[in-house]
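> Take a look at the following structure, please.
Just so it is clear, none of the values below were taken in a lab; they were calculated from the coordinates. Because the structure is predicted, anything quoted here is derived from the model rather than measured. Cβ placement follows ideal geometry from the backbone for every residue including glycine, while neighbour counts extend to all protein chains displayed.
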Amino acid sequence: MNQDKLKQEAAEAALEYIQVGDIVGVGTGSTANFFIDGLAKIKGKIDGAVASSDASAKRIKSHGIEVLDINSVGRLPIYVDGADESTKNRHLIKGGGGALTREKIVAQASEKFICIADQSKLVDRLGTFPLPIEVIPMAQSLVSRSIVKMGGQPELRSGFITDNGNTIIDVRNMDIDNPIETEKLINQIPGVVTVGIFAIRPADVLLLSAEQGLQVIK
Ligand code: 5RP
């Protein structure tokens, strides 16, 4: 089975968690796109969606699903999104697609965060995938110097501007022994908008698809 088919299987498994009348938080990326396309088939069951990026909002709307402003939504029962890496503790690296800040806002606001991925995303330890950090442009150098002091190798994501008008620094070789502590430390550097470690608010359920079937990690 190819990787896209595996992504689609994980995405479709997440549809089972949606209840009648839910407003659904929706992530960003190729796996989330399969989820959005699946959501279209059950759109009569839901009351709308909250999107974590302009790209996802556009795709959701193209299926005739209403996109709601998160500030006007009282309760967000569920958020479904992919990841670049996940451990068995459901700590994640996200932001490969650059939507990490809005993704973290929607994840934090949701009662249940379901992460959908193919098995290649499961790792023993976070950090092989370069760690994305969204930064306010005037703080790029300051943040990069701070990251070097922490042992990482920062690189500006060339030609990329986030939906919030900021830049992304991708960090290689970062020692992420303790994901919660590293998330807190990097978030404290002035100019950092969000670091792509999702550990303080991890996923609640990880749906991992593999050739052998679907693995559910809670
Ligand atoms: C976007 C993300 C994505 O969830 C992550 O990059 C995984 O993407 P894909 O499903 O395409 O592998 O964090 O900011």
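> For the chain, modelled as a GNM with alpha-carbon contacts under 10 angstrom, which of ASN71, ASN178, ASN166 fluctuates the most?
Greatest mean-square fluctuation among the candidates belongs to ASN71.
> Let me ask something additional. Using the Cα centre of the chain as the reference point, and only Cβ charges (+1 on K/R, -1 on D/E), how large is the resulting charge dipole? Debye, rounded to the nearest 20.
Taking the Cα centre of the chain as origin, the dipole is about 180 debye.
> Which of LEU15, PHE113, GLY159 sits closest to the plus end of the dipole of the chain, meaning its Cα is farthest towards the positive end, when Lys and Arg get +1 and Asp and Glu get -1 on the C-beta?
Towards the positive end, the residue furthest out is GLY159.
> Would you grab the residues whose amide H sits under 5 Å from the one on GLY95? Only those 5+ places off in sequence or on another chain, please, with H modelled 1.01 Å from N.
ASP84
> Projected onto the charge dipole of segment 121-218 (+1 at Lys/Arg Cβ, -1 at Asp/Glu Cβ, origin at the Cα centre), which of ILE169, LEU206, MET150 gives the Cα projection farthest towards the positive end?
Projecting each Cα onto the dipole axis, the largest value belongs to MET150.
> Quick check on segment 75-122: what are the equivalent-ellipsoid semi-axes from the Cα gyration tensor, as sqrt(5λ), descending, whole Å?
Three semi-axes, in Å: 18, 13, 8.
> Amide H of ILE23: which non-local residues (sequence gap of 5 or more, or other chain) have their own amide H closer than 5 Å, using H built in the peptide plane?
ASP47
> For the chain, return all DSSP H helices satisfying: extent of Cα atoms along own axis at least 15 Å; mean Kyte-Doolittle hydropathy at least -0.5. Display every interim value, and only then the final one.
Values: long enough: 3-14 (17 Å, -1.19); 30-41 (18 Å, 0.39).
Counting only whole DSSP H runs, the qualifying helices are 30-41.
> Cross-link candidates for LYS149: which lysines have Cα within less than 26 Å, leaving aside residues fewer than 8 places away along the same chain?
LYS94, LYS104, LYS184
> Provide the FRET efficiency to the nearest 0.05 for the ILE217-GLN188 pair, computing r from the beta carbons and using R0 = 35 Å.
It comes out at approximately 0.75.
> Whole angstrom only: what separates the Cα centroid of segment 115-167 from the Cα centroid of segment 3-55?
With segment 115-167 and segment 3-55 each reduced to a Cα centre, they are spaced 26 Å.
> Separate question: Could you give me the percent of Cα pairs per 5 Å distance bin for the chain, shortest bin first, beginning at zero and ending with the bin that holds the maximum distance?
Going out from 0 Å in 5 Å bins, the chain shows 1, 8, 16, 20, 19, 16, 11, 6, 2, 0, 0 percent.
> Could you work out how far the C-alpha centroid of segment 170-218 sits from that of segment 66-102, in angstrom?
Going from one Cα centre to the other spans 11 Å.
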